[in-house]
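Read the structure below first, then the notes.
The values are calculated or read from the model by the stated rules, or taken from the named source; none is laboratory data. Because the structure is predicted, anything quoted here is derived from the model rather than measured. Positions of Cβ are backbone-derived with ideal geometry, glycine not excepted, and every protein chain shown enters the neighbour counts. Quick note on the areas: whole protein, heavy atoms, side chains included, nothing else; ligands and nucleic acids left out. Shrake-Rupley method; radii C 1.70, N 1.55, O 1.52, S 1.80 Å.
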Amino acid sequence: MAIRTFVVAPFKIPSGSMRPTLMEGDRILVSKFLYRFREPQRGEIIVFRFPENPRRPYIKRLVAVGGDRVEIREGRMVINGQVVPERFARAYYYNQGQYGLPESVVEVPPDAFFVLGDNSASSHDSRFWGFVPRRLLIGKALCIFWPPQRIRALR
């Protein structure tokens, strides 16, 4: 019980918002202690408590941290005026939601994150509801451990 509470915990992927990286029904392991020793990095897949309902865990890709300026331009993620390399932003991002309008630049507040699903066309993410406060962060997704044919580390 202590390991699951403080070190690593399993989570089940409920939706297709992270396709093709994570599929519905995938089971993953999440490090709950890593971010006690270092800051979350852009491009990592994180698990957090949903800001509009903190009882629900969500999983998305972290694309921007506090102080960053975010823009979605022609399907590409632009952070602080620079187009994000595909290895960190793995999808075509649609201009949707209040925080993802065309030609709008959003500044991420201190101690908060801007997160997006890899399946931008069907992801309910920061474009719609805003930022994830650091206090809601659960941990970093490490690997898929089930089903057996999908076992692999996550990047």
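Please calculate how many Å² of accessible area the range 1-106 carries per residue, with a 1.4 Å probe and no DNA, RNA or ligand atoms counted.
Details: 6160 Å² over 106 residues.
For the range 1-106, the solvent-accessible area averages 58 Å² per residue.
Quick one: pull the percent of accessible area on the range 1-116 belonging to carbon and sulfur, 1.4 Å probe, ligands and nucleic acids left out.
Working: 3420 of 6560 Å².
Exposed carbon and sulfur together represent 52 percent of the surface.
For the full complex of protein chains and a 1.4 angstrom probe, list K140, K32 by accessible area with the highest value first. Could you put the intermediate results ahead of the total?
Values: K140 35, K32 55 Å².
I get K32, K140, largest accessible area first.
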Notebook entry, point to check: Which of the listed residues, W129, Q149, Q98, is farthest toward the dipole's positive end in the chain, when Lys, Arg count +1 and Asp, Glu count -1 at the beta-carbon?
Noted result: Q149
Notebook entry, point to check: How many angstrom separate the Cα center of the range 105-147 from the Cα center of the range 38-67?
Noted result: 4
Note to self: Tell me the label only: which of [x] 15; [y] 36; [z] 26 is percent of Cα pairs over 28 Å apart as calculated from this structure?
What the structure shows: [x]
Notebook entry, point to check: Which of E52, E74, E24 moves most in a GNM of the chain, Cα contacts under 10 Å?
Noted result: E52
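With charges set only on the Cβ (+1 for Lys and Arg, -1 for Asp and Glu), what does the dipole of the chain come to about its Cα centre, in debye to the nearest 20? Please list the in-between numbers first.
Working: 25 positive and 14 negative charges, 151 e Å.
The dipole of the chain has a size of about 720 debye.
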